[in-house]
Amino acid sequence: GRPRKLNSIDEQYISSLIDHRPTIYLDEIQDALLSARWIHVSIPTLFRALQRLGLTRKVVDARAFERDEAMRHHYLLEIARIAPRPDMLVFIDETARNQRTSQRKYGRA
């Protein structure tokens, strides 16, 4: 068959990129390969390389480092005092958000 465009050194470079930035996007890997290794590959080629490396896409579990369990418990007690029935609460969610800002939802591992 046709030889692969990415050799083992290129794949090691990709793996190290993901080790340092698990939420990196495929197009960002593509740009990094071009600037550091002078290799241009398509997004599908990168995707196949990640599959060969066993790096799958996973949902990132984002938790605050500052999370304090005692304060969290106090907050839940206060909410229960203010609204004793769950149907009394109204939650408003962000319906639009640029995925390239703040936190990214997916990462690779």
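A short reminder: the numbers here are calculations on the coordinates, not readings from a lab. Bear in mind that the values here come from a model prediction, so they are computed numbers and not experimental data. Neighbour counts run over all protein chains shown; Cβ positions are idealised from the backbone, glycine included.
Say each of D19 and R2 gets a label point 7 Å from the Cα, pointing the same way as Cα to Cβ; how far apart are those two points in nm? With each label placed 7 Å out from Cα toward Cβ, I get 3.1 nm. For the stretch 1-51, with equal point scatterers placed on the C-alpha atoms only and solvent neglected, what are the log10 I(q)/I(0) values from the Debye formula at q = 0.14, 0.17, 0.22, 0.32 1/Å, to two decimals? So the normalised log intensities are -0.30, -0.44, -0.75, -1.64. Against the main long axis of the alpha-carbon atoms of the chain, helix 8-20 sits at an angle near 20°. Among the GluC sites (Glu not before Pro) found in the stretch 15-91, those both in a DSSP coil and sparsely packed, with 15 or fewer other Cβ atoms within 10 Å of their Cβ, are E66. Based on alpha carbons, the Rg and Dmax found for the chain are 21.1, 69 Å.
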